[in-house]
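The values are calculated or read from the model by the stated rules, or taken from the named source; none is laboratory data. Model, not experiment: these values are computed from the prediction. Note that each Cβ is placed from the backbone with ideal geometry, even for glycine, and that neighbours are counted across all protein chains shown. Surface areas here come from the heavy atoms of the whole protein model, side chains and all, with no ligands, DNA or RNA. Shrake-Rupley method; radii C 1.70, N 1.55, O 1.52, S 1.80 Å.
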Amino acid sequence: LPTIHSCDSLVHYFVLTCGDTIQDADNNTYYSRFVGRYCWTKQNLYPTHYTNGDSIPNSMIYYSLEHPDEDANLDQYGRLYTWYSAVGLPENSTSAPTADVDGLFVQGLCPAGWHIPTERNMRSLQEFSASSLKSTILWLQPGDNSTKFTAYPAGFFNPSTDRFENLLGETHYWTTQNVGDATAKSGVLSNNCDEVQTDTNTKSHGFSVRCVKNQVNNL
């Protein structure tokens, strides 16, 4: 291609595809979707094994007296994971999660070629209104889901109360971002706010997980 110096150059283009289906270690199938410049899974994950075959500890299904049907909750909302389980660390570990061979992404419980969102990945969702990310059903204040991100109000597990809380009212997604030995960053969608917020919570909270497809420019 001609350059500003009138020389020929070889330019490499990296084309990221999205929209295909992927499978986790338990052969569960997920769809993918571009939301902004990143390719996200359209569903919350729910495997019980990492891709190396090891069992994922502390994978939870929402349960409360108001919402006792665990099979229905699993089918609709996926599982909730502690941060440690999401990124592939033993519970209460103070180590940093292991990145891939290029040192870029943390696969955690995601399928091969996908990773737990970085804080930058999560903050990219702030380019969109909460309504455009929320599903059109189940929320107390439903969204229009124009991005097709299809965020469901999956609630969370609160280790302080030892209870599952706020189904239909909010959802949290883990990121890989450490804040301290016991806390990490998450993305939050809630009924009372029309934007994606980031929050800091103890790593023993049970939150949902979405995955982002690996690409070199999405740190």
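Details
- Within a straight-line Cα-Cα reach of under 21 Å, K213 can be paired with the following lysines, leaving aside sequence neighbours fewer than 8 residues apart in one chain: K42, K134, K148, K185.
- If you sort the three axes of the alpha carbon gyration tensor as a ≥ b ≥ c, you get a/c of 1.5 or more for the range 73-112 and a/b no higher than b/c, which makes it oblate.
- Fraction of accessible area attributable to carbon and sulfur, the chain (%, probe 1.4 Å): 49
- Dipole moment magnitude, nearest 20 debye, the chain about Cα centre, only Lys, Arg, Asp, Glu C-beta charged: 500
- Normalised contact order of the chain, rounded percent, pairs of Cα under 8 Å and 6 or more residues apart: 21
- Selection from N121, I56, L189, by position along the positive dipole direction of the chain (Cβ): N121
- For the range 126-187, the equivalent ellipsoid derived from the alpha-carbon gyration tensor has semi-axes of 24, 17, 7 Å in decreasing order.
- Percentage, to the nearest whole number, of Cα pairs in the chain over 23 Å apart: 45
- Per residue, in Å², the accessible surface of the chain once ligands and nucleic acids are set aside, probe 1.4 Å: 49
- Selected from H67, T161, S135, residue furthest toward positive end of dipole (the range 66-189; charges at beta carbon): S135
- Peptides 125-136, 199-210 ordered by average Cβ neighbours within 10 Å, highest first: 199-210, 125-136
- Convex hull of alpha carbon positions in the range 18-66: directionally averaged projected area 5.0 nm².
- Amide H contacts under 5 Å for F156: E165, L167, restricted to partners 5 or more places along the chain or on a different chain, H placed in the peptide plane at 1.01 Å from N.
- Computed on the range 66-147, the Cα convex hull volume stands at 154 Å³ per residue.
- Label-zone membership for the range 102-141, site T21, 7 angstrom Cα→C-beta point, backbone N under 18 Å: 111-112
- In order through the range 54-61: 3J(HN,Hα) via Karplus (6.51 cos²θ - 1.76 cosθ + 1.60), integer Hz, x for Gly, Pro: 5, 6, 8, x, 6, 9, 10, 10
- Using Cβ point charges alone (K and R +1, D and E -1), the dipole size of the range 66-169 about the Cα centre works out to roughly 340 debye.
- Coordinate range along principal axes, alpha carbons of the range 87-203, Å, largest first: 40, 34, 22
- Here the Karplus curve 6.51 cos²θ - 1.76 cosθ + 1.60, taken at θ = phi - 60°, turns the phi angles of the range 78-93 into couplings of x, 9, 10, 10, 5, 4, 4, 5, 4, 9, x, 10, x, 4, 6, 5 Hz, with x standing for Gly and Pro.
- Per-residue ³J(HN,Hα) for the range 45-50, Karplus 6.51 cos²θ - 1.76 cosθ + 1.60, θ = phi - 60°, Hz, x for Gly and Pro: 7, 8, x, 10, 9, 6
- The H on the amide N of Q43, modeled in the peptide plane, is under 5 Å from the matching H of Y31, each at least 5 residues off or on a different chain.
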